[in-house]
Structure formats: C-alpha cells, structure tokens
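Have a look at the structure below before the remarks.
The values are calculated or read from the model by the stated rules, or taken from the named source; none is laboratory data. Everything numeric in this text was worked out from a predicted model, so none of it was measured. Here Cβ is always computed from backbone atoms with ideal geometry, including for glycine, and neighbour counts include all displayed protein chains. To get the accessible areas, we keep the full protein, side chains included, count just its heavy atoms, and leave off ligands, DNA and RNA. Shrake-Rupley method; radii C 1.70, N 1.55, O 1.52, S 1.80 Å.
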Amino acid sequence: MEIKVLGVCGSPIKGGNTEVFLKEALKVAQGLGNVSTEIIPLAGKRIEDCRHCNWCISKQEKDKFCAAKDDMMEIYPKILEADALLLATPTYATRLSGYLAIFLDRFRAIILGKHYKRMLTNKVAGALTVAWRRNTGPETALLSVVSTFLGWGMVVVTPGEGFCQFGAVGLSSDEGAGKFDPRDKLGVLKDESGIKSAHALAKRLVEVTRILKAGREA
C-alpha cells in the first residue's frame, strides 16, 4: 500500500529555511517505505486571490476547478491525489505567510465546489513553521493553518509529546536568539530540536495515513 504525501512550502524564498525544513520531513516520510513524496514551493508561482465569485459553486465541472486560470490549475489534481498534506510556512507577525494564506483560500474550489466538494474530508494533514527567533509566534502561526484543516474535516497530526502541540517548529537563528551569520542562510538545519520535531511529525503523518487508508480499503 503506497502513501502519497504532498508538501507545500508557503515561503516567498525558494530554497530557504522553510523549504529545507519541509524537505527534512518529507525525506523521513519517504524513508519509511512505500511512501512517495512531492514538494511544491509557492515561490514563483502565480496564484491569484480567491474572489469569492462562486463560479466553483455554480459552474464547476470535472477538471475545471476555478474561474481563475493560474498555477492552481496544476496544483489542484496533486492535492486530490495525495493521501496526506504537509504545509510549511514561515512565521510572519505570529501567523502564516500571505503566500500560504492565498493558497489556502483557493481550496474553496475543492471544499464547496459543484463537482469537487468536501474533497479533503478525512485526508491527513500536518503543519510546519520556521521562526527567526524564540517567542515570536510560531504556535499561533501553526494554529492559523491547523484551524483551517479542522474546519475542512481533515485529520490533523502533530509531532507528539515533547514538541509543539500544533506542529513542527524550527528556529533559523543560532539558538533562536536572533544572531545572524551571513555565511549561513540555512540556520534551521542547526536547530536539532526543530529537526527532530519535523521528523516526528512526518512519522506520525505516515502512521495515521496508513491506518486510515488500510481501514478504507478493508
């Protein structure tokens, strides 16, 4: 039984701390066997705001998701095919990034759509965030993502005991103290606790996805 995990990075910086943090989680997921992974960086993608025009509710057809013809058209099928989603965001002003917020707003087409409705119900999901320093709001950044998952009827997983209750948290400055080293732009990889939380989240995501998929197949 193969598990498909889709990771989406909501950072405007391609190849930055948030993306490599997400890749750490996906690497562990893939290493568990019979798990395929894919990552979609939103940096450089053209994704329009949801206009709430209700086209998806009244006129949507198979393979025609939304009135806005942008890069979401190639992403929607990947979301539907995935057994589980891992979404990563930098912590901006104690919440998710604008990139990821716009992306999530466009899920309206597969939550309320005429043809694609409630398509995320019972899919497994987890969230990751990277903050520059401690006490700058990674918990509320994760909550802004996780609360959306819950509203869509998804099964939310977290890293478990000993880590943040809402998802994986990585700190990109040295010891989370805000120290900047211009020679090292991927400081999150030095955050041992953060990396462990990403790994724990990935393992839990695969575990729960396997249980649910086996149950559906049975």
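Tabulated data
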read-out: Per residue solvent-accessible surface (Å²) - the range 117-218, probe of 1.4 Å; value: 53
read-out: Cubic angstrom per residue, convex hull over Cα atoms of the range 50-104; value: 104
read-out: Estimated [θ] at 222 nm from DSSP helical runs (n ≥ 4, -39500 (n - 2.57)) normalised by residues in the chain, nearest 500; value: -11000 deg cm²/dmol
read-out: 5 angstrom amide H check on residue 170, placed H, neighbours 5+ away; value: 129, 130, 131
read-out: Degrees separating the helix 72-81 axis from the principal Cα axis of the chain, which is the longest one; value: 90
read-out: Distance (nanometres) between label positions extended 7 Å along Cα→Cβ at residue 216 and residue 36; value: 1.5
read-out: Cα shape, the range 1-84, gyration tensor, a/c 1.5 rule; value: oblate
read-out: Amide H contacts under 5 Å for residue 112, placed H, 5+ residues apart; value: 118
read-out: Selected from 181, 105, 83 as most flexible by GNM, with the chain as the system and alpha-carbon contacts under 10 Å; value: 181
read-out: Value of relative contact order over the range 1-90, rounded to a whole percent, pairs C-alpha under 8 Å and six or more apart; value: 47
read-out: At q = 0.11, 0.14, 0.16, 0.21 Å⁻¹, base-10 log of I(q)/I(0) for the range 89-218 (Debye sum, equal scatterers on each alpha carbon); value: -0.44, -0.68, -0.84, -1.20
read-out: Ranked order, 116, 99 - accessible area, probe 1.4 Å, largest first; value: 99, 116
read-out: Paramagnetic reach from residue 49 in the range 94-133 [backbone N under 12 Å; point 7 Å along Cα→Cβ]; value: 102
read-out: Partner lysines for residue 14 [C-alpha distance under 17 Å; skip if fewer than 8 residues away on the same chain]; value: 23, 45, 185
read-out: Aspartates and glutamates with Cα under 13 Å of residue 27, excluding same-chain neighbours fewer than 8 positions away; value: 19, 38
read-out: Calculated Cα extents along the principal axes in Å (choose from [x] 42, 39, 34; [y] 52, 41, 25; [z] 56, 42, 33), label; value: [y]
